[in-house]
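Where a number appears in this text, it was derived from the coordinates with a stated rule and is not lab data. In this text the structure is predicted, and so the values were computed from the model without any measurement. Virtual Cβ from ideal backbone geometry, glycine too; neighbours counted across all protein chains shown.
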Amino acid sequence: MSNRSRDRILSRLHSAGKQVSLPATATSGLPFEKLGRSEKIDKLKGFMEAVRTEVHVVEAQNWIEPLKSILEKREIKTLLYAPQTTIGDTLQQHWPAENENEGLPELVTYEGQIENFKDQLFHTDAAITSTLGGIAETGAIILWPDKKEPRSMSLVPPVHIAVLDADKIFNTLGEVMQAQNWPEKMPTNAVLISGPSKTADIELILAFGVHGPKELIVFILS
């Protein structure tokens, strides 16, 4: 192809691009049903239970006792938690001494680098984490991993326990992002979880716990 032909083709493409450019128009968000507080709790709970999540709506000031009961029933031996967090402080304040634990699991603190903590992490029975919020429309909780509560806490142990403030359940993901101003403080990894880890083979046989926790337990603090 000669330079002249090439220039003519490029000129036509450039002109065509200018001709088809359309003015940008404002887009409106998708319609959604705005629910009340109790309705959002019920909807989130219903969706999550439908995919085998165990959900407990408990009093915000007394969620430790139901937690102890669940851990004893499952005979959990070790519970991983993040120190220097609200959940970590609450656990430390209400957990009995080792010689008085009466069947409760040993509290294991997540500390140090993952390279040095890996062996202990993969031998922990359960982990408990905080949540950033919940989404009623899709039945999901939001995790915001950081240095104190890394993603591995909710991914590796076979049982993941998540604590959710009922006042932080939103109607939609878009509503959460606007209310919490996500564009100004996006993390490297925002995680949405609706239930325990699951996958299916070619025969559509569902298996749980293949790529993550076999059980997800959510405490909604109401």
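Numbers at a glance
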read-out: For the range 53-68 versus the range 126-146, the gap between their alpha-carbon centres in whole angstrom; value: 15
read-out: Flagged links, alpha-carbon separation over 20 Å, of 45/214; 43/168; 40/68; 45/147; 148/198; 43/214; value: 40/68; 45/147; 148/198; 43/214
read-out: Estimated inter-spin distance, residue 86 and residue 185, nm [label 7 Å along Cα→Cβ]; value: 1.2
read-out: Electrostatic dipole magnitude of the range 31-147 [Cβ: Lys, Arg +1; Asp, Glu -1; Cα centre; debye, to 20]; value: 480
read-out: Axial C-alpha extent at least 27 Å, average Kyte-Doolittle at least 1.0 - helices from the chain (DSSP); value: none
read-out: Over the chain: helical MRE at 222 nm, DSSP H runs n ≥ 4 each giving -39500 (n - 2.57), nearest 500; value: -9500 deg cm²/dmol
read-out: Answer label, with Cα Rg over 2.2 N^0.38 Å calculated from the coordinates and candidates [x] 1.39; [y] 1.09; [z] 0.96; value: [x]
read-out: Dipole of the chain, positive end: most advanced residue of 116, 174, 161 [Cβ charges, Cα centre]; value: 174
